[in-house]
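Below is one structure, written out as structure tokens; comments come after it.
What follows draws every value from the coordinates through simple rules; no lab data is involved. Small disclaimer: the values here were computed from a predicted structure and weren't measured. When we count neighbours, we look across all protein chains shown, and the Cβ atoms used for this are built from the backbone with ideal geometry, even at glycine.
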Amino acid sequence: MNPLANTGFKKDLIMTNKNGLQFSRRNLLGVGALTAAAAATLATTAAQADDAVDVSKLPRVKQELVPPPGLPQHDQVAKGGPVVVEVTMTIEEKKIIIDKEGTEIWAFAYNGTVPGPIIVCHEGDYVELTMKSLPTNQMEHNIDFHASTGALGGGALTKILPGQEVVLRWKAIKPGVFVYHCAPGDVMIPYHVVHGMNGAVMVLPRDGLKDGKGNALKYDLAYYIGEQDFYIPRTEKGAFKKYETAGEDLAEALDVMRGLIPSHVVFNGAVGSLTGDKAMKAKVGDNVLIIHAQANRDSRPHLIGGHGDYVWEHGKFGNAPQTDFETWFIRGGSAGAAIYKFRQPGIYAYVNHNLIEAVMLGATAHFKVDGQWNDDLMMQVAKPRPISG
Ligand SMILES: [Cu+2]
């Protein structure tokens, strides 16, 4: 089978990048590993494992996905046995504004948001995704779930063209928070990921989170932060370029990406999307679960004025959490989780503690915490005054 066949890109534009390398979007789209048909054959022949569950007899639960930083309604401790969690995502290629200066990118967005929505299930559950691609889209897309097992994380079974849908089911056998992202093949993998096409899954242990000593850890609130690096091409005068259609930036964006220096590093799709009026809210005494996903590039979350009480730096709940971190590390291509009990009111900045990225490139969020100030933990003993002696 010709892997370049049937890539279905609407216009086969020829592009030339700075180095004079010429390529077509059609070719870029089709270069992948397994074709969907070949992978589906493999999946069919391997369908009957010894420990296979009769999925048709399991209860089915529809999960309403919500935009980040929200999480869908879920139980922290599973009620009963495994279920099939049904979710639907629609892929939308859309122009979004990513900073206060009006810089644009044609994002490739699962459910229209950057990052895509978080899916929540329990270990042993099945996630059944119906994924649709709007007929107005230009590109082929798919989804690779790091939480899943086989067929490129589902990537080989989910390639769809504009106007198509596909249904993928996978069993959540590893508890933790995990990234998912589009991976249509070759350079289109990073190109789609740095155009916002990524998100996260949380697979909770059936009996909930634990502190590593067997004690239950409950959270009062949970927030999901997707960190995104963008690589926006510039004009000769240095202004960020704008494009008429999705995919039109391909050659120039690849040139910027090759330099590995992002123009923007933001939380939830844009500079300021979680600050000011859009700050995440909590009260003193709340245990807040913070999920941080980065599909492409390392990050180092830090809560200014607080800590990570419990941190799953690798994001995998089968491991005991570590405690009392000042800053933790998220490896590019993974998600991590932390629980913090807010002890003081006020505005807390939650940043990528590469402070250049936080302050100059956009990776800052806010928590607005209400409650009573605790002088024992901190007080201003003397206001600023002239030096007295
Ligand atoms: Cu894609």
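Within the listed set L377, L161, L71, the Gaussian network model of the chain (springs between alpha-carbon atoms below 10 Å) gives the highest mean-square fluctuation for L377. Loop-located trypsin sites (Lys or Arg not before Pro) in segment 168-256 (DSSP state not H, G, I, E or B) with no more than 12 neighbouring Cβ atoms inside 10 Å: K213, K218, K237. Each DSSP beta bridge with both residues in segment 222-370 is either parallel or antiparallel, and the antiparallel ones are about 75%. Three principal axis extents of segment 222-370 based on alpha-carbon atoms, in descending order, are 51, 34, 24 Å. Our coupling estimate for segment 194-208, obtained by passing each phi through the Karplus curve with A = 6.51, B = -1.76, C = 1.60 and θ = phi - 60°, is 8, 9, x, 8, 7, x, 8, 10, 10, 9, 7, x, 4, 9, x Hz, Gly and Pro reported as x.
Of the trypsin sites (Lys or Arg not before Pro) found in segment 310-367, the ones in coil according to DSSP and having at most 15 other Cβ atoms within 10 Å of their Cβ are R331. Exposure proxy ranking for T323, T103, based on other Cβ atoms within 10 angstrom of each Cβ and starting from the fewest, stands as T323, T103. In the structure shown, the pairs K218/K341; K100/K237; K94/K132; K132/K174; K94/K242; K210/K368 are assessed against 22 Å; a Cα-Cα span above that value is assigned to K132/K174; K210/K368. Loop-located GluC sites (Glu not before Pro) in segment 252-339 (DSSP state other than H, G, I, E, B) with a sparse environment of at most 15 neighbouring Cβ atoms within 10 Å: E326.
Take the Cβ atoms of I356 and R60, set R0 to 35 Å, and the FRET efficiency comes out at 0.15. Compute the FRET efficiency between T136 and K213 as 1/(1 + (r/R0)^6), taking r as their Cβ-Cβ distance and R0 = 56 Å, and round to the nearest 0.05. Efficiency computed from Cβ-Cβ geometry: 0.60. With the helix formula -39500 (n - 2.57) applied to DSSP H stretches of n ≥ 4, the chain reaches a computed 222 nm mean residue ellipticity of -2000 deg cm²/dmol. The phi-based Karplus calculation (6.51 cos²θ - 1.76 cosθ + 1.60; θ = phi - 60°) puts the 3J(HN,Hα) values of segment 166-182 at 8, 10, 10, 10, 9, 9, 8, 9, 10, x, x, 9, 9, 7, 10, 7, 6 Hz, whole numbers, x for Gly and Pro.
Put a plus charge on the Cβ of each Lys and Arg, a minus charge on the Cβ of each Asp and Glu, and nothing anywhere else: the dipole of the chain about its Cα centre is then about 260 debye.
Residue order for V359, V265, fewest other beta carbons within 10 angstrom first, comes to V359, V265.
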